[in-house]
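Peer 1: Provided herewith is a single structure, encoded as structure tokens, for subsequent inquiry.
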Amino acid sequence: MKHLVSTSLLACDFLNIGKEVTMVNKSIADWIHLDVMDGMFVPNISFGMPVVEHVKKIAEKPLDVHLMIIDPDRYLYRFHEAGANILTVQYEACVHLQRTVTEIRRLGMKAGVAINPHTPVAHLVNTLSFIDMVLIMTVNPGFGGQSFIHECYSKISELRTMIEKGGYNVLIEADGGIDTLNAGKLVETGVNVLVAGHSIFSSANPAETISKLKTLS
Ligand code: DX5
Ligand code: ZN
């Protein structure tokens, strides 16, 4: 399968978010990544349902919503209403993870589980049959523009082996510090979806950077 690119709006110009979404619509990006932060699970606060809802009005690509919030069960329905197509919760924030991901699917969304750099992929062995995607955090969540943690490559290949051995229909998404230099190795290691924010929006030509991440040229 050809890998996908999910453009993280966290790094975009919020004053011109409409124009930024239009740029992503016109680009060859596959998904739009939206990072929701609560100032509790992570030290930062970003945005919530109203922003997702407004982006949805003009987005021509699926919304890939990443919840970095404690007790996400309280908001699954609200993010569904706001327009999320893929809803990812953090493993570390869920006490009853199987119930949470089952509810995400029941609402009609694809269910993702994100793991922090310190969380072993083995912790997901009993969850893979209930989800559509694992998001491997390749930085500590909370901020855009951080440096990629190289130790995450071994987690990606371990997860790829687990998925293949078990025959699960689960995508691997990598998120944090991804740019045109490390994208190729990530895909080779087994990543299906590359999330990128800073490397796209701080580049001179964001649409061209999206193309480079997509074609690995
Ligand atoms: C970090 C977020 C990421 C972030 C990635 O907590 O989950 O999605 O936007 O941004 P870059 O690509 O700038 O590292
Ligand atoms: Zn994210």
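The values are calculated or read from the model by the stated rules, or taken from the named source; none is laboratory data. Worth saying up front: this structure is predicted, and the values here are computed from it rather than measured. When we count neighbours, we look across all protein chains shown, and the Cβ atoms used for this are built from the backbone with ideal geometry, even at glycine.
Peer 1: In this structure, does residue 135 turn out to be more than 16 Å from ligand 2 (Cβ to nearest atom), crowded, with 21+ Cβ neighbours inside 10 Å and either of a type in the set (A, V, I, L, M) or farther than 26 Å from residue 109 by Cβ (or both)?
Peer 2: no
Peer 1: Still on this structure: Which number in (1) touching a residue at least 12 places away in the same chain (Cβ under 8 Å); (2) outside any loop (DSSP other than H, G, I, E, B); (3) away from ligand 1 (no atom under 14 Å from the Cβ) marks the one condition that residue 136 misses?
Peer 2: Unmet for residue 136, out of (1) touching a residue at least 12 places away in the same chain (Cβ under 8 Å); (2) outside any loop (DSSP other than H, G, I, E, B); (3) away from ligand 1 (no atom under 14 Å from the Cβ): (3).
Peer 1: Filter the range 1-59 down to residues that are among the polar types (S, T, N, Q) and within 19 Å of residue 80 (Cα to Cα) and give me whichever is nearest to ligand 2 (Cβ to nearest atom).
Peer 2: 8
Peer 1: Residue 37 fails exactly one of the following numbered conditions: (1) farther than 27 Å from residue 122 by Cα; (2) hydrophobic (A, V, I, L, M, F, W, C); (3) within 12 Å of ligand 1 (Cβ to nearest atom). What is the number of that condition?
Peer 2: (1)
Peer 1: For residues that are among the acidic types (Asp, Glu) and at positive phi, tally how many sit in the range 12-71.
Peer 2: 1
Peer 1: Do any helices (runs of 4 or more DSSP H) lying entirely in the range 140-209 carry at least 1 residues that are of a type in the set (Phe, Trp, Tyr) and either touching a residue at least 24 places away in the same chain (Cβ under 8 Å) or more than 14 Å from ligand 2 (Cβ to nearest atom) (or both), and which ones are they?
Peer 2: 152-166, 198-201
Peer 1: If a residue must be over 16 Å from residue 196 (Cβ atoms), touching a strand residue (DSSP E or B) at 6+ places or on another chain (Cβ under 7 Å) and touching a residue at least 60 places away in the same chain (Cβ under 8 Å), how many such residues does the range 1-45 contain?
Peer 2: Final tally of qualifying residues: 4.
Peer 1: Right, something else. May I ask you to verify whether residue 79 is under 18 Å from residue 144 (Cα atoms), among the aromatic types (Phe, Trp, Tyr) and either at pLDDT 95 or above or more than 16 Å from ligand 2 (Cβ to nearest atom) (or both)?
Peer 2: When the stated conditions are applied, residue 79 does not pass them.
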